[in-house]
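J.: Before anything else, here's the structure in question.
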Amino acid sequence: MSFPVSPIRTAAGKDELGEERYPLFDSATGGLVIVPTTVNVSSVASQAGALTNRSGTITAGGSDQQIAASNSSRHFFFFQNVSDTDMWINFGAVANADQPSILVKPNGSMRIDGSFLPSGAVHVFCATTGKSFTCKEG
């Protein structure tokens with residue numbers, strides 16, 4: 001649907017909640033579309049807090065490594081693969097080089113914040129010992 005830049009205000013009506021509504025012309029159908037004059041928007045409040053550093057290196061290539069314990073208070077998670085080798089992340093279960101683990105390519109990153117964050121332990125898998133990653137949670 002496309003609408004003109006400025007709606008043509010004609011006979012205003014009130015909806016069942018008593019809010020004024022004005023018709024807009026729908027150029028695709030040639031009809032009128034009634035829309036509210038106000039829009040309710042909800043937002044998620046930002047949250048300040050300290051970050052815990054979980055950065056490190058792969059201690060044993062080719063095997064799972066837990067990098068963060070389960071955390072039901074986790075509100076933010078960041079992981080960056082700062083190596084030249086693929087890494088795989090999983091939450092709440094062992095990581096491996098396949099699904100359901102999440103592939104993080106060399107120099108790639110993953111950030112999770114908002115209304116849902118996995119609270120399970122965080123695991124990483126990389127084929128090569130000594131490869132570095134940066135990880136923060138809060």
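Each value in this text was obtained by applying a stated rule to the coordinates, not by laboratory testing. Please read these numbers as outputs of a predicted model, since none were measured by experiment. Please note: Cβ atoms are built from the backbone with ideal geometry, for glycine as well, and neighbour counts cover all protein chains shown.
J.: What relative contact order, as a whole-number percentage, does segment 52-137 give when Cα pairs under 8 Å and 6 or more residues apart are counted? Mind showing how you got there, number by number?
T.: Numbers: 241 pairs, mean separation 42.9, N = 86.
Relative contact order comes out at 50 percent.
J.: Note down the net charge around Ser73, summing +1 for each Lys or Arg and -1 for each Asp or Glu among other residues with Cβ under 15 Å from its Cβ.
T.: On the way: positive: Arg54, Arg74, Lys136; negative: Asp113, Glu137.
Charge balance in the 15 Å sphere: +1.
J.: I want to check the label-to-label distance for Thr128 and Phe116. Put each point 7 Å from Cα in the C-beta direction and report it in nm to one decimal.
T.: 3.5
J.: Sticking with this one: For Ser109 and Leu51 in one chain, what is 0.36 nm times their gap in residues minus the Cα-Cα distance, to one decimal in nm?
T.: Numbers: separation 58, 0.36 × 58 = 20.88 nm, distance 1.67 nm.
Additional length available on full extension: 19.2 nm.
J.: Let me check I've understood the local charge: for Phe125, count other residues with C-beta under 10 angstrom from its C-beta, Lys and Arg +1, Asp and Glu -1. What total comes out? Please report the intermediate quantities before stating the final value.
T.: Numbers: positive: none; negative: Asp64, Asp86, Asp98.
Residues near Phe125 contribute -3 overall.
J.: Among Phe79, Phe116, which comes first, second and so on when ranked by fewest other beta-carbon atoms within 10 Å?
T.: Details: Phe79 24, Phe116 7.
Ordered by Cβ neighbours within 10 Å, fewest first: Phe116, Phe79.
J.: Moving on. Sort Cys126, Cys135 so the one with the fewest other Cβ atoms within 10 Å of its own Cβ comes first. Can you show the working numbers first?
T.: Details: Cys126 27, Cys135 21.
Starting with the residue having the fewest Cβ neighbours, the order is Cys135, Cys126.
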